[in-house]
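Peer 1: First the structure, then my questions, so here it is.
The values are calculated or read from the model by the stated rules, or taken from the named source; none is laboratory data. Bear in mind that the values here come from a model prediction, so they are computed numbers and not experimental data. Every residue, glycine as well, gets a Cβ built from its backbone with ideal geometry; the counts of neighbours run over all protein chains shown. For accessibility, only protein heavy atoms count, side chains too; no ligands or nucleic acids. Shrake-Rupley method; radii C 1.70, N 1.55, O 1.52, S 1.80 Å.
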Amino acid sequence: MIGAGISSAAAVKVLVVDDSVLMQKLMTQIIDAAPGFKVIGVAGSAEEGWDAIQALRPDVVTLDLELPGRHGLKLLARVLKQDPLPVLIVSAFGGPGADNTIQALELGAIDFIEKPDGSTNTLEGFMKHLVAALQRAATSRRPVAAARQGVQTADPARPAMMAREPARAGKTSLIAIGASTGGVPAVQTVMRDIAHLRVPVAVVQHMPPGYTAKFAARLAAATGLDVHEAADGDRLKPGMAVVAPGGSRHLEIEERRGELVCLLREGPLVCGHSPSVDVMFHSVARSLGAHAIGILLTGMGRDGADGLLAMRRAGAETLIQSGETCVVNGMPKAAFELGAADRVVPLGQIGAAVGQLVGERPGLRTV
């Protein structure tokens with residue numbers, strides 16, 4: 001079914017694609033009650049969804065991947081290729097659904113939230129997360145379209161490179177990466193491009209429990225590295241990468257007798273997140289000082305900005321993704337404004353920049 005008409009010309013127009021009439025009604029009620037948003041139509045299949053996008057020209061699409069014929073991913077791929085706009089995945093948790101969600105994020109979906117299940121994912125939590133995710137999607141809608149059409153948006157406050165002379169010589173012991181909204185494909189791009197360096201990698205990507213292990217497995221397949229969800233006490237080795245598990249524990253990295261050890265510690269939310277990029281970056285600054293590289297990628301908010309500044313002050317090299325290649329230029333922008341970034345680099349050039357840093361310093365070798 002396709003409906004039209006909005007209460008305000010300024011409202012963000014949302015199309016809901018879900019084969020459940022109950023979910024269509026629930027999401028319409030929630031979205032229409034959120035200031036600045038209006039549902040302009042609903043669709044119950046991939047075919048109806050594509051027709052509605054062409055007819056109604058929404059600003060944001062919410063998409064259930066488990067559509068009739070399991071064509072949710074096909075619709076997503078078609079939208080992102082032919083008519084780029086922000087797509088928010090509304091997913092059932094667990095099982096094949098988690099794999100589908102990670103694949104959708106790799107394809108370029110802006111974000112995802114879990115459907116309410118009556119226990120872990122409450123209706124109240126779903127309402128809160130849906131509105132927040134729509135706000136992120138609305139913020140990103142023009143940059144998303146520009147990036148997927150190969151257009152670079154003007155960003156005069158973001159020079160391509162802001163380098164200083166390396167403050168140290170010696171081995172690079174760790175590459176620390178933080179990301180949030182839009183980060184799944186961004187992290188994969190960077191890790192694929194630095195895999196040959198064989199330097200241990202630690203990643204914090206904002207994600208709920210149940211998805212980070214799947215994300216790690218897909219990174220392993222894409223990069224050839226030994227990538228897994230971090231466990232307390234893990235020793236980081238060359239050619240190995242860990243992803244902070246979603247949940248209530250923060251990932252920290254410590255150096256003990258020449259070995260890098262992963263620690264998972266309970267703690268309050270930091271910058272609204274657990275695990276937090278800030279917590280991981282601060283631990284790297286304390287433990288490794290100048291013998292690390294910090295990379296902050298696309299994401300809403302400011303998680304990672306303070307920690308990246310701590311890394312820079314400790315002598316580490318720090319890079320942020322350039323605004324024009326971010327899905328949401330929140331976290332990198334916050335770091336830039338703090339003076340936390342040595343270099344501002346387009347996503348596709350971050351791997352080469354890291355390789356240059358690892359290889360350029362006199363007497364440098366990787367572990």
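Peer 1: Would the stretch 262-272 turn up any residue that is touching a Lys or Arg at 6+ places or on another chain (Cβ under 9 Å) and assigned to a helix (DSSP H, G or I)?
Peer 2: Taking every residue of the stretch 262-272 in turn, none turns out to be touching a Lys or Arg at 6+ places or on another chain (Cβ under 9 Å) and assigned to a helix (DSSP H, G or I).
Peer 1: Cβ-Cβ under 7 Å, sequence separation 6+ or interchain: first residue in the stretch 306-328 and at positive phi, partner at pLDDT 95 or above and open to solvent by less than 30 Å² (accessible area, probe 1.4 Å). Which pairs?
Peer 2: Pairs that qualify, where the first residue is at positive phi and the partner is at pLDDT 95 or above and open to solvent by less than 30 Å² (accessible area, probe 1.4 Å), are 315/289; 315/290.
Peer 1: What are the residue pairs meeting all of these: first residue in the stretch 27-43, first residue within 16 Å of residue 136 (Cβ to Cβ) and open to solvent by 50 Å² or more (accessible area, probe 1.4 Å), second residue in a strand (DSSP E or B) and among the small types (Gly, Ala, Ser), Cβ atoms under 9 Å, and 6 or more apart or on different chains?
Peer 2: none
Peer 1: Okay, next question. Looking at the stretch 291-305 only, could you name the residues that are closer than 17 Å to residue 175 by Cβ and open to solvent by 20 Å² or more (accessible area, probe 1.4 Å)?
Peer 2: 291
Peer 1: Residues in the stretch 121-130: is at least one aromatic (Phe, Trp, Tyr), crowded, with 19+ Cβ neighbours inside 10 Å and over 15 Å from residue 206 (Cβ atoms)?
Peer 2: Scanning the stretch 121-130 turns up at least one residue that is aromatic (Phe, Trp, Tyr), crowded, with 19+ Cβ neighbours inside 10 Å and over 15 Å from residue 206 (Cβ atoms).
Peer 1: With respect to residue 99, is the statement that it is touching a residue at least 12 places away in the same chain (Cβ under 8 Å) and in contact with a Ser or Thr (Cβ under 6 Å, 6 or more places away or on another chain) true? Even if it seems obvious, please write down each step before you answer.
Peer 2: Details: touching a residue at least 12 places away in the same chain (Cβ under 8 Å): yes; in contact with a Ser or Thr (Cβ under 6 Å, 6 or more places away or on another chain): no.
Against the criterion (touching a residue at least 12 places away in the same chain (Cβ under 8 Å) and in contact with a Ser or Thr (Cβ under 6 Å, 6 or more places away or on another chain)), residue 99 does not qualify.
Peer 1: Could you identify the single residue in 285, 217, 176 that is of a type outside the set (Phe, Trp, Tyr), surrounded by fewer than 19 Cβ atoms within 10 Å (Cβ to Cβ) and not in a loop (DSSP other than H, G, I, E, B)? First the steps, then the outcome.
Peer 2: Working: 285 fails: surrounded by fewer than 19 Cβ atoms within 10 Å (Cβ to Cβ); 176 fails: surrounded by fewer than 19 Cβ atoms within 10 Å (Cβ to Cβ).
Sole residue among the options that is of a type outside the set (Phe, Trp, Tyr), surrounded by fewer than 19 Cβ atoms within 10 Å (Cβ to Cβ) and not in a loop (DSSP other than H, G, I, E, B): 217.
Peer 1: Still on this structure, I have one more. Given (1) part of a helix (DSSP H, G or I); (2) crowded, with 24+ Cβ neighbours inside 10 Å, where does residue 327 come up short, assuming only one miss?
Peer 2: (1)
Peer 1: So if I check each of 186, 222, 195, which one is within 17 Å of the chain's Cα centre (by Cα), touching a residue at least 24 places away in the same chain (Cβ under 8 Å) and open to solvent by less than 40 Å² (accessible area, probe 1.4 Å)? Give the steps one after another, and end with the answer.
Peer 2: On the way: 222 fails: open to solvent by less than 40 Å² (accessible area, probe 1.4 Å); 195 fails: within 17 Å of the chain's Cα centre (by Cα).
Exactly one residue qualifies, and that residue is 186.
Peer 1: Here is a follow-up. The conditions are (1) out of contact with any Leu (no Cβ under 7 Å at 6 or more places or on another chain); (2) surrounded by 22 or more Cβ atoms within 10 Å (Cβ to Cβ); (3) within 26 Å of residue 106 (Cβ to Cβ); (4) at pLDDT 95 or above, and residue 332 fails exactly one of them. Which is it?
Peer 2: (1)
Peer 1: Another question, then. Do we have residue 312 as out of contact with any Phe, Trp or Tyr (no Cβ under 6 Å at 6 or more places or on another chain), part of a helix (DSSP H, G or I) and of a type outside the set (Ser, Thr, Tyr) here?
Peer 2: Criteria met by residue 312.
Peer 1: Condition (residue is open to solvent by 50 Å² or more (accessible area, probe 1.4 Å) and among the polar types (S, T, N, Q)) applied to the stretch 58-71: is it met by at least one residue?
Peer 2: Looking for residues that are open to solvent by 50 Å² or more (accessible area, probe 1.4 Å) and among the polar types (S, T, N, Q), one finds none in the stretch 58-71, hence no.
Peer 1: Of the conditions (1) touching a helix residue (DSSP H, G or I) at 6+ places or on another chain (Cβ under 6 Å); (2) part of a helix (DSSP H, G or I); (3) open to solvent by less than 50 Å² (accessible area, probe 1.4 Å), residue 341 satisfies every one except a single condition; which number is it?
Peer 2: (2)
Peer 1: Residue 241 - would you say it is open to solvent by 30 Å² or more (accessible area, probe 1.4 Å) and either without any contact (Cβ under 8 Å) to a residue 60 or more places away in the chain or of a type in the set (S, T, N, Q) (or both)?
Peer 2: For residue 241, the condition - open to solvent by 30 Å² or more (accessible area, probe 1.4 Å) and either without any contact (Cβ under 8 Å) to a residue 60 or more places away in the chain or of a type in the set (S, T, N, Q) (or both) - is not met.
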